[in-house]
Amino acid sequence: MAKILLLLSLVLPFIDAQTVHWGPCPTPMVQPNFDLNKYIGKWYEIEKLPARFERGTCIEANYAIRADHTIQVLNLQNYKGKVRSAEGTAVIQDTREPAKLGVSFSYFTPYSPYWILSTDYTSVAVIYSCTDVMRVFHIDYAWILGRSRILPAETVFRAKELFFRDNIDISNMKATDQSNCDQL
C-alpha cells in the first residue's frame, strides 16, 4: 500500500485536469472495417473529457497521410487569443485492427492509444484513449468529433451512448467552444 501511495504522490501532479479512474482501462469495441482514407481530413472537437493539453477554444484536428505511410496529426486551438498548434504522428499499430491507432506528439514519448470507436466518416467520430498505470488506475480521454463545428444534439447523444455501452465514464465530458473561430 505504501508503494501505491508513493506512486500516486509522484504521478498525480502530472495528471492535473485529466480524468482518472481506479482499476485497469476498459476495452471498448472499435469501428469494424475502419477505412483510414475516409477518416483523413479535418475534424472539429465537439465534446471531450478534460485534457490539460486542450484548454482552448475552436479546437480542431487535421489528419493527412505522409509519404512514409504514417499519419500527420495537426491539432489547432485558440488559447488566450493566440492560435496554438501541435503536430504529431499516428500509426496503425496492428493492421488487423486499423481503428486502433497510436499517436505521439514527441519523438521521446511512446505512442498513446487513439481508438476510433465509431465513425460515419462524413459527420461524427467517437474516439477513446486510455493509459493504465500498473493496473491500479487509468487515465482516460474521450472525444466526440464532427466534420462541422456544431453537431445536432441527437447525434451527440448517440455518440455518448457508445461510451455508456462500454462502461466508459464520461460524466465529466464538456462541450468545446466552437464560436468565434475566424482565426483558425
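The values are calculated or read from the model by the stated rules, or taken from the named source; none is laboratory data. Not measured: the values here are computed from a predicted model. All Cβ positions, glycine included, derive from the backbone under ideal geometry; neighbour counts span all protein chains shown.
A few notes on this one:
- ILE65 being under 13 Å from the mean Cα position of the chain (by Cα) and on the phi < 0 side of the Ramachandran plot: no
- Given (1) within 16 Å of the chain's Cα centre (by Cα); (2) more than 17 Å from PHE163 (Cβ to Cβ), number of the condition ASP35 does not satisfy: (1)
- Leading residue by the ranking (surrounded by the most Cβ atoms within 10 Å (Cβ to Cβ)) among those in the stretch 77-122 that are in a loop (DSSP other than H, G, I, E, B) and touching a helix residue (DSSP H, G or I) at 6+ places or on another chain (Cβ under 7 Å): PRO98
- Selection of the stretch 84-114 for residues being among the aliphatic types (A, V, I, L, M) and without any contact (Cβ under 8 Å) to a residue 24 or more places away in the chain yields only VAL91.
- Yes/no for ARG135 being assigned to a loop (DSSP other than H, G, I, E, B), of a type outside the set (Ser, Thr, Tyr) and without any contact (Cβ under 8 Å) to a residue 24 or more places away in the chain: no
- Residues that are surrounded by fewer than 20 Cβ atoms within 10 Å (Cβ to Cβ), in a strand (DSSP E or B) and not charged (D, E, K, R), drawn from the stretch 45-63: ALA51, THR57, ASN62, TYR63
- Residue pairs whose Cβ atoms lie under 9 Å apart, separated by 6 or more positions or on different chains, with the first residue in the stretch 28-44 and over 12 Å from ALA99 (Cβ atoms) and the second modelled with pLDDT under 95, are TYR44/CYS181.
- Among the residues listed as LEU162, LEU151, LEU117, the single one being within 19 Å of ILE71 (Cβ to Cβ) and either touching a residue at least 24 places away in the same chain (Cβ under 8 Å) or under 12 Å from the mean Cα position of the chain (by Cα) (or both): LEU117
- Enumeration of residues in the stretch 151-183 that are of a type outside the set (Phe, Trp, Tyr) and assigned to a helix (DSSP H, G or I): ALA153, GLU154, THR155, VAL156, ARG158, ALA159, LYS160, GLU161, LEU162, ARG165
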